[in-house]
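*Asks:* First the structure, then my questions, so here it is.
The values are calculated or read from the model by the stated rules, or taken from the named source; none is laboratory data. All of these numbers come straight from a predicted model, not from anything done at the bench. In this analysis, Cβ positions are derived from the backbone assuming ideal geometry, glycine residues included, and neighbour counts consider all displayed protein chains. Remember, those area values only see protein heavy atoms, side chains included, never the ligands or the DNA or RNA. Shrake-Rupley method; radii C 1.70, N 1.55, O 1.52, S 1.80 Å.
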Amino acid sequence: MITKATLQDIPALNILINSAYRGESSKKGWTTEAHLLEGKRTTEEELTETIEDKKNTILKFTENNQIIGCVLLVEKEDKLYLGMLTVSPVLQNSGIGKKLLHQAEIHAKELGLPRIVMTVISVREELVAWYKRNGYVDTGVREPFPASDVHVTVVEEPLEFIVLEKKI
């Protein structure tokens, strides 16, 4: 079941998101960033700020009273930004990500937004390819990966984001 996350969901969301993107647990899935980055993907404080901002929606995918997937949706002018698409590493490739993408499209339509945009780290070719198979196109726009104490790069090459877009 996909519903809107609340402040009560923050501890579970924090554990899920960090387990899917970073550290050993993330290596059980194919969307890990552990080979690129160390540190946490998010914090409870960041998630609280995110949920409290009215332009943001975090959708959660719940099964048997457990959050096993989520996605961040942000209203930005004439588009919806999609970020932090997360599926439990042990449940990846089961269709949950596609269901969350579909629900994001419904959300964009409800808001009257004609397109969804996202950024993906350019060297994550398998993930870029997955989004392309799901209707997203490379806009040609590139953005620098932000320097941060939270996202510690563990590769030599500089990272950048590819901006992907899907018209709704």
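*Asks:* Check segment 77-91 and report whether any residue there is free of Cβ contacts under 8 Å to residues at least 24 places away in the same chain, over 14 Å from the mean Cα position of the chain (by Cα) and within 21 Å of residue 51 (Cα to Cα).
*Replies:* Yes: segment 77-91 contains one or more residues that are free of Cβ contacts under 8 Å to residues at least 24 places away in the same chain, over 14 Å from the mean Cα position of the chain (by Cα) and within 21 Å of residue 51 (Cα to Cα).
*Asks:* Still on this model: Just the residues that are open to solvent by 30 Å² or more (accessible area, probe 1.4 Å) and either of a type in the set (S, T, N, Q) or modelled with pLDDT under 95 (or both), please, taken from segment 47-57. I'd like the intermediate steps shown before the answer.
*Replies:* Initial filter on segment 47-57 (open to solvent by 30 Å² or more (accessible area, probe 1.4 Å)): 48-49, 51-55.
Answer for segment 47-57, where residues must be open to solvent by 30 Å² or more (accessible area, probe 1.4 Å) and either of a type in the set (S, T, N, Q) or modelled with pLDDT under 95 (or both): just 48.
*Asks:* Of the residues in segment 12-35, how many are open to solvent by less than 60 Å² (accessible area, probe 1.4 Å) and either modelled with pLDDT under 75 or not polar (S, T, N, Q) (or both)? Steps first, answer last, please.
*Replies:* Initially, segment 12-35 is screened for residues open to solvent by less than 60 Å² (accessible area, probe 1.4 Å), giving 12-14, 16-23, 25-26, 29, 31-34.
Add one more test, that the residue is either modelled with pLDDT under 75 or not polar (S, T, N, Q) (or both), and what stays is 12-13, 16-17, 20-23, 25-26, 29, 31-34.
The number of residues fulfilling the criteria is 15.
*Asks:* Of the numbered conditions (1) touching a helix residue (DSSP H, G or I) at 6+ places or on another chain (Cβ under 8 Å); (2) open to solvent by less than 70 Å² (accessible area, probe 1.4 Å); (3) in contact (Cβ under 8 Å) with a residue 60 or more places away in the chain; (4) not aliphatic (A, V, I, L, M), residue 40 satisfies every one except a single condition; which is it?
*Replies:* Here residue 40 meets the rest and fails (2).
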